[in-house]
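Peer 1: Quick one: structure below, then a few questions.
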Amino acid sequence: MAQPFSTVEISARLNGELWHGEVPVDEMLLDFLRDRAGLRGAKRSCQLQVCGACTVLVEGRPVSSCSCLAYEVDGHTVTTVEGLEHDGELNDLQQAFVDELAVQCGYCTSGQLLSATALLERREQLAYEDVAEWMSGNLCRCGCYPAIARAVMNVAESRRNNHTNSEE
Amino acid sequence: MPSAFAMVAPGSVEEALADLERLGPNACLYAGGVELAMLLSTGVLQAEYLIDVKRVPGLNRLEWDDGAVRIGATATHAEVAADPGVRERLPLLANAESRLGNIRVRALGTIGGNLSLRYSHSDLLPPLLVHEATVVLATGAGTEELPVAAFLERADGVVPAGPDELRGTSERVGMRELIVAVRVPALSAGWRSAHVRAERLFRPPDLNAAIAVRGNAERIEAARIAVGCSAPHARRLAGLEQELPGMSLEEARRYLRRAEPDLVAALELQTDLLGSVEYKAHLAATLLARGLGDAVGGGT
């Protein structure tokens, strides 16, 4: 029979940096990221996996960090909003959010950015309906949905164009 | 701060069963964590031990055998939805899996965890009922295979009443039982299907249904219909399945409009926060008519 354990040593790559240490098995990924790893981009909100404000990527998959045990990320990569910029510069998706004014209060933005990051990794060509379907689990109480969708579609188009140009 | 619970990570189904027996009612199986972690973090549920079956090797495997797929209990919704074989041969299930919850729920949640909840609003139950799927259980006495409908019925007797009810519904089916797989036969040639759901934003569906038909718009030869959400658990509508053969699609639609009052009893509709009995019956008839049209008109 397996022996119970209440803490566990985990190794995870957080935004490219290796983190190794001991965590209680009941610690949620959101608490781990914010309080232990100092990454406060993911936000606490509904705690019901409905709003998406706490979204982070685990091995590229969007996960509600409020309801996922930190124990789960042992041996995996985790991307938070802090991991999107390059050398202090916003990445193209973050810049598109700025350009399209896809932010008002900003509370949901890190989750929106990470869900959109995962979508853009999976699909090259995006219609509004594709974005709406994929992002339907990320709520924006300010109602920035059209601007968010435009930002995501713009990035898809520009990445596609860059890809095409680089092949020519 | 001390951990509120301890984790147990069995290396096999046999070990998990032994842990269940040893740790008794203080333990919950941890199969996906989507609901369980939420219940634990909000304090709705307390458990001394979580038995992590997600790490049991091979329990998430999808295997085809004799026209049916055996989906391991810890396969995530995203994995099932993306599986090429499921998409090609079980499009009804693939469709339901790709619409369940949201992208984050689908990434972590598992088919076994979902089934063990017996959540009446689950998007999976109507398709599984239409496919006449079975639940494969590992028990102390061996392996048992139950039709999904029987599994849901039996659950009513397993889930204890009172404050422990949540414990009973959370990712375990009983003291010494563990869902190890769901076996889903493909529909025979000539059957077409559709998954329909009515939802208000950000919530589980108000009503969902899975419909499979053989025939065409001029004549429905056979139908399988399952509805979720409104009854205590999802169910097949045997009466409707017997009535529809021989009808054209248009006749079936008219029949469904007339049958609205009958759906109240068939689905055990009740007035609650989601709407009145009359509203739900109308919603069910409308959704079924739409689903029939989708299935007959090409479907999936």
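Peer 1: Could you list, in sequence order, the residues of the range B:52-74 that are in contact with a strand residue (DSSP E or B) (Cβ under 6 Å, 6 or more places away or on another chain) and under 30 Å from B:PHE5 (Cβ atoms)?
Peer 2: Across the range B:52-74, the qualifying residues are B:ASP52, B:VAL53, B:LEU59, B:ASN60, B:ARG61, B:ILE71, B:GLY72, B:ALA73, B:THR74.
Peer 1: Now for a different question. Out of (1) open to solvent by 30 Å² or more (accessible area, probe 1.4 Å); (2) in contact (Cβ under 8 Å) with a residue 40 or more places away in the chain; (3) away from chain B (no Cβ under 14 Å); (4) of a type outside the set (D, E, K, R), the odd one out for A:LEU33 is which?
Peer 2: In the conditions (1) open to solvent by 30 Å² or more (accessible area, probe 1.4 Å); (2) in contact (Cβ under 8 Å) with a residue 40 or more places away in the chain; (3) away from chain B (no Cβ under 14 Å); (4) of a type outside the set (D, E, K, R), A:LEU33 misses (1) alone.
Peer 1: Would you confirm whether or not the range A:69-79 contains a residue that is open to solvent by 10 Å² or more (accessible area, probe 1.4 Å), part of a loop (DSSP other than H, G, I, E, B), modelled with pLDDT under 95 and within 24 Å of B:HIS77 (Cα to Cα)?
Peer 2: Initially, the range A:69-79 is screened for residues open to solvent by 10 Å² or more (accessible area, probe 1.4 Å), giving A:72, A:74-77, A:79.
Then keep just the ones that are part of a loop (DSSP other than H, G, I, E, B); that gives A:74-76.
From the residues that got through so far, the ones that are modelled with pLDDT under 95 too are none.
No, the range A:69-79 has no match at all.
Peer 1: Quick check on my filter: what residues within the range B:255-280 are of a type in the set (Lys, Arg) and surrounded by 13 or more Cβ atoms within 10 Å (Cβ to Cβ)? Let's see the steps before the verdict.
Peer 2: From the range B:255-280, those of a type in the set (Lys, Arg) are B:257-258, B:280; that's our starting set.
Matches in the range B:255-280: B:LYS280 only.
Peer 1: Right, something else. Quick one: which residue in A:SER166, A:SER158 is among the hydroxyl-bearing types (Ser, Thr, Tyr) and either open to solvent by 80 Å² or more (accessible area, probe 1.4 Å) or within 14 Å of chain B (Cβ to nearest Cβ) (or both)?
Peer 2: Numbers: A:SER158 fails: either open to solvent by 80 Å² or more (accessible area, probe 1.4 Å) or within 14 Å of chain B (Cβ to nearest Cβ) (or both).
None of the others qualify; the one that does is A:SER166.
Peer 1: Taking the range A:50-62, which residues are within 7 Å of chain B (Cβ to nearest Cβ), open to solvent by 10 Å² or more (accessible area, probe 1.4 Å) and under 14 Å from A:CYS108 (Cβ atoms)?
Peer 2: Hit for the range A:50-62 is A:VAL50, nothing else.
Peer 1: For the range B:209-240, give me each residue that is open to solvent by less than 30 Å² (accessible area, probe 1.4 Å) and not aliphatic (A, V, I, L, M). Explain how you work it out, then say what you get.
Peer 2: Within the range B:209-240, the first condition is being open to solvent by less than 30 Å² (accessible area, probe 1.4 Å), and the residues that meet it are B:209-213, B:215, B:220, B:222-223, B:225-231, B:233-234, B:237, B:240.
Within the range B:209-240, B:GLY215, B:GLY228, B:CYS229, B:SER230, B:HIS233 qualify.
Peer 1: Ok, one more. May I ask you to say which residue of B:LEU124, B:LEU152, B:LEU128, B:LEU115 is open to solvent by less than 40 Å² (accessible area, probe 1.4 Å), modelled with pLDDT of 85 or more, touching a Pro at 6+ places or on another chain (Cβ under 9 Å) and closer than 21 Å to B:LEU92 by Cα? If you could, list the steps in order and put the result at the bottom.
Peer 2: On the way: B:LEU124 fails: touching a Pro at 6+ places or on another chain (Cβ under 9 Å); B:LEU128 fails: touching a Pro at 6+ places or on another chain (Cβ under 9 Å); B:LEU115 fails: touching a Pro at 6+ places or on another chain (Cβ under 9 Å).
The conditions single out B:LEU152.
Peer 1: Taking the range B:14-30, which residues are in contact with a Leu (Cβ under 9 Å, 6 or more places away or on another chain) and either over 14 Å from A:PRO4 (Cβ atoms) or not in a helix (DSSP H, G or I) (or both)?
Peer 2: Selection gives B:LEU17, B:ALA27, B:CYS28, B:LEU29, B:TYR30.
Peer 1: When you look at B:GLU88, is it at pLDDT below 90, open to solvent by 10 Å² or more (accessible area, probe 1.4 Å) and acidic (Asp, Glu), yes or no?
Peer 2: Working: at pLDDT below 90: no; open to solvent by 10 Å² or more (accessible area, probe 1.4 Å): yes; acidic (Asp, Glu): yes.
Judged against the criteria, B:GLU88 is not a match.
Peer 1: Restricting to the range A:1-24, name every residue that is in contact with a Lys or Arg (Cβ under 8 Å, 6 or more places away or on another chain), among the aliphatic types (A, V, I, L, M) and open to solvent by less than 100 Å² (accessible area, probe 1.4 Å). Outline the logic, then answer.
Peer 2: Taking the range A:1-24 first, the residues in contact with a Lys or Arg (Cβ under 8 Å, 6 or more places away or on another chain) are A:1, A:19, A:21, A:23.
Remaining after also requiring among the aliphatic types (A, V, I, L, M): A:1, A:23.
Within the range A:1-24, A:VAL23 is the sole residue that qualifies.
Peer 1: Quickly run through the range A:80-108 and pick out the residues that are part of a helix (DSSP H, G or I), without any contact (Cβ under 8 Å) to a residue 24 or more places away in the chain and farther than 21 Å from A:GLY16 by Cα.
Peer 2: Start the filter on the range A:80-108 by keeping residues that are part of a helix (DSSP H, G or I), which leaves A:81-83, A:92-99.
If we keep only those that are without any contact (Cβ under 8 Å) to a residue 24 or more places away in the chain as well, we get A:94-95, A:98.
Matches in the range A:80-108: A:GLN95, A:VAL98.
Peer 1: As an exercise: evaluate A:LEU113 against (1) over 20 Å from B:ARG106 (Cβ atoms); (2) open to solvent by less than 50 Å² (accessible area, probe 1.4 Å); (3) under 18 Å from the mean Cα position of the chain (by Cα); (4) without any contact (Cβ under 8 Å) to a residue 60 or more places away in the chain and give the number of the one condition it does not meet.
Peer 2: Tallying (1) over 20 Å from B:ARG106 (Cβ atoms); (2) open to solvent by less than 50 Å² (accessible area, probe 1.4 Å); (3) under 18 Å from the mean Cα position of the chain (by Cα); (4) without any contact (Cβ under 8 Å) to a residue 60 or more places away in the chain, A:LEU113 fails exactly one: (1).
Peer 1: Are any residues in the range A:116-130 touching a Phe, Trp or Tyr at 6+ places or on another chain (Cβ under 9 Å), within 13 Å of A:ALA151 (Cα to Cα) and in a helix (DSSP H, G or I), and if so, which ones? Even if it seems obvious, please write down each step before you answer.
Peer 2: Going residue by residue through the range A:116-130, those that are touching a Phe, Trp or Tyr at 6+ places or on another chain (Cβ under 9 Å) are A:116, A:118-119, A:122-123, A:126.
Okay, now just the ones that are also within 13 Å of A:ALA151 (Cα to Cα), so A:116, A:119, A:126.
Correct list: A:ALA116, A:LEU119.
Peer 1: If you check B:ALA31, B:ALA47, which single one turns out to be within 11 Å of chain A (Cβ to nearest Cβ), open to solvent by less than 30 Å² (accessible area, probe 1.4 Å) and either under 25 Å from B:LEU92 (Cα atoms) or not hydroxyl-bearing (Ser, Thr, Tyr) (or both)? Can you show your working first?
Peer 2: Values: B:ALA31 fails: within 11 Å of chain A (Cβ to nearest Cβ).
Answer to the selection: B:ALA47.
Peer 1: Kindly evaluate B:GLY157 against the criterion of being open to solvent by 30 Å² or more (accessible area, probe 1.4 Å), among the small types (Gly, Ala, Ser) and at pLDDT below 90. Before the answer, list the steps.
Peer 2: Details: open to solvent by 30 Å² or more (accessible area, probe 1.4 Å): yes; among the small types (Gly, Ala, Ser): yes; at pLDDT below 90: yes.
Yes, satisfied.
Peer 1: Related question: Could we say that B:ALA212 is in contact with a Phe, Trp or Tyr (Cβ under 8 Å, 6 or more places away or on another chain) and either of a type in the set (A, V, I, L, M, F, W, C) or under 20 Å from B:LEU273 (Cα atoms) (or both) here? Walk me through how you get there before you give the answer.
Peer 2: On the way: in contact with a Phe, Trp or Tyr (Cβ under 8 Å, 6 or more places away or on another chain): yes; either of a type in the set (A, V, I, L, M, F, W, C) or under 20 Å from B:LEU273 (Cα atoms) (or both): yes.
Yes: the conditions hold for B:ALA212.
Peer 1: Could you check the range B:31-48 and list, in sequence order, the residues that are in contact with a Gly (Cβ under 8 Å, 6 or more places away or on another chain) and in a loop (DSSP other than H, G, I, E, B)? So that I can check it myself, show each step before the final result.
Peer 2: Taking the range B:31-48 and keeping what is in contact with a Gly (Cβ under 8 Å, 6 or more places away or on another chain), we get B:31-36.
Within the range B:31-48, B:ALA31, B:GLY32, B:GLY33 qualify.
Peer 1: Is one or more of the residues making up the range A:85-108 within 12 Å of another protein chain (Cβ to nearest Cβ), surrounded by 17 or more Cβ atoms within 10 Å (Cβ to Cβ) and more than 13 Å from A:ALA151 (Cα to Cα)?
Peer 2: Restricting attention to the range A:85-108, the residues satisfying the condition of being within 12 Å of another protein chain (Cβ to nearest Cβ) are none.
Scanning the range A:85-108, I find no residue that is within 12 Å of another protein chain (Cβ to nearest Cβ), surrounded by 17 or more Cβ atoms within 10 Å (Cβ to Cβ) and more than 13 Å from A:ALA151 (Cα to Cα), so the answer is no.
The values are calculated or read from the model by the stated rules, or taken from the named source; none is laboratory data. On a predicted model such as this, the values are computed, not experimentally measured, just so you know. In this analysis, Cβ positions are derived from the backbone assuming ideal geometry, glycine residues included, and neighbour counts consider all displayed protein chains. These area figures cover heavy atoms from the full protein model, side chains too; ligands, DNA and RNA do not enter into them. Shrake-Rupley method; radii C 1.70, N 1.55, O 1.52, S 1.80 Å.
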